[in-house]
Amino acid sequence: HAGVVTLRSQPRRCAHQVHGRDGEGRARRLARRRARYGSAGEADTPGTLALDTLYSADAGSAKGVYYRVFEAEKGLDGTRKTLYSGGRADHELPPGEYFVTASIDKVSGEGTFTVEPGKKTDGVIDLNAGRVTVKVFSTEGGDEVSGNYFYFSEAALNLEGERQSVYSGGAKDFFLAAGDYHVRVRNDLASAEQEFSITPGKLTEVNLYYNAGIANVVVRATEGGEPLGTYNYLLESTVGLDGKRKSLKSGGHTKYFVPAGTYVLSSRWGIATGEVEFEVNANQATQVELILDAGRIEFTVVDEDGNEVRGYRWLSESATGLDGTRKGLQSGGHSDYSVPVGTYHIRVKDGDKVGELDGIVVEAGKTTKVQVEIK
């Protein structure tokens with residue numbers, strides 16, 4: 001009776017002490033252990049949880065498994081307290097129930113295990129998984145292609161007509177849970193896709209074929225000239241209803257990996273442009289050369305005393321139209337122009353001073369240097 005009186009004389013603990021994980025929850029777990037296993041000393045004796053993760057029931061133990069060990073009971077927030085995370089498989093734990101997850105690559109499994117005082121508990125988790133390895137080739141019987149980007153997803157389509165993504169990246173060899181999957185691979189402008197199935201404990205080999213080849217591009221101002229640093233557009237060869245070709249890629253690229261077919265390369269060097277149609281065959285490299293028939297104008301602007309000045313510049317065609325005006329080509333602070341072969345006119349204005357020069361002849365692959373005086 002004295003114990004009862006003492007207990008009633010204690011002040012009531014606040015709600016967070018009673019119901020928190022480190023309050024009544026811990027006391028309840030301890031009470032359950034002692035009720036289940038007997039005396040306080042025996043109930044508090046740790047046991048061992050020895051974890052083993054299998055690829056499947058018919059396969060061996062998995063390597064490189066990442067474990068997370070939790071208290072089995074969830075807290076008021078619906079989560080479990082984490083006790084351990086890492087690669088260790090054996091754990092000394094107080095008697096009780098534990099929830100464990102095991103993961104490797106893109107697959108995971110889980111299990112709930114009871115640890116008894118002073119005993120070893122074997123915790124086996126079956127991942128029900130298999131392994132997939134993917135190889136990608138330019139075409140059937142062609143070279144294997146590296147540097148690919150993969151999209152793995154579940155094969156089934158949801159109500160929105162989309163697949164649930166499983167993984168995307170450069171890896172092509174890993175473990176997956178048994179089931180049906182879809183893989184899509186891309187490399188530059190080429191792509192391929194296929195569905196496949198994973199069987200527990202088995203290796204699935206998937207081969208994909210791009211039916212693609214390489215286009216190596218070089219653009220020159222003239223035959224035999226040095227390669228130019230042009231801005232290039234790779235276009236479809238067919239013209240759409242709007243009279244335009246669809247652009248596939250643009251920039252300073254000089255190498256393209258594309259599906260076999262016919263394409264158009266359009267290039268720009270300054271205001272000089274050109275285009276060429278070419279064909280790419282699967283598992284072959286096509287050399288594409290475009291000659292722009294262009295040259296450069298480099299000029300300086302000086303005042304009457306020979307001092308170099310900036311000024312605002314206008315570049316035009318030399319010839320005048322029926323209305324007596326010249327076709328303007330470029331304006332601004334430029335001091336050099338890359339232009340098609342032809343004859344040009346430059347006008348410069350700096351404050352109230354003006355200067356111009358006509359009949360500037362540009363030849364293919366050559367640089368014409370001129371000086372414009374403003375007065």
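Annotations
- Of note, residue 76 satisfies the criterion of being more than 34 Å from the chain's Cα centre (by Cα) and more than 26 Å from residue 202 (Cα to Cα).
- Selection within segment 143-177: residues that are aliphatic (A, V, I, L, M) and free of Cβ contacts under 8 Å to residues at least 60 places away in the same chain. The member of this set that is nearest to residue 106 (Cα to Cα) is 171.
- When segment 178-213 is filtered for residues that are free of Cβ contacts under 8 Å to residues at least 40 places away in the same chain and more than 20 Å from residue 136 (Cα to Cα), only 179 remains.
- Residue among 54, 93, 76, 30 that alone is modelled with pLDDT of 65 or more, surrounded by 13 or more Cβ atoms within 10 Å (Cβ to Cβ), of a type in the set (A, V, I, L, M) and farther than 23 Å from residue 175 by Cα: 93
- Qualifying residue in segment 292-311 (condition: of a type in the set (Ser, Thr, Tyr) and over 32 Å from the mean Cα position of the chain (by Cα)): yes
- Any strands (runs of 3 or more DSSP E) falling wholly within segment 234-304 and containing at least 2 residues that are free of Cβ contacts under 8 Å to residues at least 24 places away in the same chain: 245-251, 272-280
- Residue in segment 258-266 that is more than 30 Å from residue 137 (Cβ to Cβ), modelled with pLDDT of 95 or more, within 28 Å of the chain's Cα centre (by Cα) and not aromatic (Phe, Trp, Tyr) present: yes
- Tally of residues being at negative phi, part of a strand (DSSP E or B) and touching a residue at least 40 places away in the same chain (Cβ under 8 Å) across segment 358-375: 10
- Residues located in segment 62-85, provided they are aliphatic (A, V, I, L, M) and not in a strand (DSSP E or B): 62, 65, 76
- Segment 61-73, subset surrounded by 15 or more Cβ atoms within 10 Å (Cβ to Cβ) and of a type outside the set (Val, Ile, Thr), residue farthest from the chain's Cα centre (by Cα): 73
- Residues in segment 169-199 that are over 28 Å from residue 260 (Cβ atoms) and of a type in the set (Gly, Ala, Ser): 177, 178, 179, 197.
- Some residue of segment 157-167 being in a loop (DSSP other than H, G, I, E, B), within 22 Å of the chain's Cα centre (by Cα) and surrounded by 15 or more Cβ atoms within 10 Å (Cβ to Cβ): no
- Among the residues making up segment 142-159, those that are more than 17 Å from residue 195 (Cα to Cα), modelled with pLDDT of 95 or more and not hydroxyl-bearing (Ser, Thr, Tyr) are 142, 143, 144, 145, 147, 148.
The values are calculated or read from the model by the stated rules, or taken from the named source; none is laboratory data. If you're wondering where the values come from, they're calculated on a predicted model, not measured in any experiment. Don't worry about glycine lacking a Cβ; one is built from the backbone with ideal geometry, like all the others, and counts go over all protein chains shown.
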